[in-house]
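Working notes, beginning with the structure itself.
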Amino acid sequence: MSAETNCIFCKIVAGQIPAKKAYEDEELLAFHDIHPWAPVHVLVIPRQHIATLTEVGTEHEALLGRMLGLAPRLMKELGVTNGFRTVINTGRDGGQEVYHLHMHVMGGPRPWLKG
Ligand code: 5GP
Ligand code: ZN
């Protein structure tokens, strides 16, 4: 399990900075976004540091599948009943700000702040 020294999400994984957790297991962590765009806005991340979706290989396919599969379960648990969005921003032109792979999962009644 690698941890990048200056990665804010690795610090959340390590418990060095606080986050409002929504789910965790041995591979994944989900926590509420600090600046939510929607009434419910969580980020699903692998515990392992993978910078972007560009870095994933075939060995990560099961992990990616688990990230996506978690989304509907999480939304249900968090009371989202009318649909949700899943977004992965990749690289500069993809609008990625934090370089630790994460999937945004957003739901709740509209209007939303963004998205
Ligand atoms: P990106 O633009 O990289 O796809 O999204 C990064 C997201 O991480 C943003 O929505 C931002 O609000 C969120 N974020 C950045 N720093 C923190 C933090 O320290 N804690 C939490 N909970 N969310 C963060
Ligand atoms: Zn990281």
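The values are calculated or read from the model by the stated rules, or taken from the named source; none is laboratory data. Every value quoted in this text rests on a predicted model; they were computed, and no experiment measured them. Neighbour counts run over all protein chains shown; Cβ positions are idealised from the backbone, glycine included. Quick note on the areas: whole protein, heavy atoms, side chains included, nothing else; ligands and nucleic acids left out. Shrake-Rupley method; radii C 1.70, N 1.55, O 1.52, S 1.80 Å.
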Report the FRET efficiency, 1/(1 + (r/R0)^6), for residue 93 and residue 114, where r is their Cβ-Cβ distance and R0 is 22 Å, rounded to 0.05. 0.80
With +1 on the Cβ of every Lys and Arg and -1 on the Cβ of every Asp and Glu, the dipole magnitude of the chain about its Cα centre, in debye rounded to the nearest 20, is 520
Residue-span extension gain [residue 51 to residue 25] - 0.36 nm each, minus C-alpha spacing: 7.4 nm
Which longest uninterrupted range of the chain lacks any GluC sites (Glu not before Pro) assigned by DSSP to a loop state (not H, G, I, E or B) and surrounded by at most 10 other Cβ atoms within 10 Å? 27-96
Based solely on its DSSP helices, what 222 nm [θ] is calculated for the chain when runs of n ≥ 4 H residues each add -39,500 (n - 2.57) and the sum is averaged over all residues, nearest 500 deg cm²/dmol? -6000 deg cm²/dmol
Could you pull out the longest piece of the chain with no exposed loop trypsin sites (Lys or Arg not before Pro) in it, calling a site exposed if DSSP puts it outside H, G, I, E, B and it has at most 12 other Cβ atoms within 10 Å? 21-91
Tally Lys and Arg at +1 and Asp and Glu at -1 over the other residues with C-beta under 12 Å from the C-beta of residue 9: what net charge comes out? -1
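Based on the alpha-carbon set only, what is the convex hull volume of segment 8-107 divided per residue, in Å³?
Values: hull volume 9.7 nm³, N = 100.
In segment 8-107, the Cα hull volume divided by residue count equals 97 Å³.
How much of the accessible area of the chain, probe 1.4 Å, is carbon plus sulfur, in whole percent? Don't skip to the answer; put the middle values down first.
Details: 3640 of 6840 Å².
Whole-percent figure for carbon plus sulfur exposure: 53.
Between residue 60 and residue 16, take the C-beta separation as r, use R0 = 25 Å, and let me know the FRET efficiency to the nearest 0.05. Write out the running numbers ahead of the final one.
Numbers: r = 24 Å, r/R0 = 0.98.
Once the sixth-power term is evaluated, E becomes 0.55.
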So for the pair residue 81, residue 3, with labels modelled 7 Å out along Cα→Cβ, what separation do we get in nm? 4.1
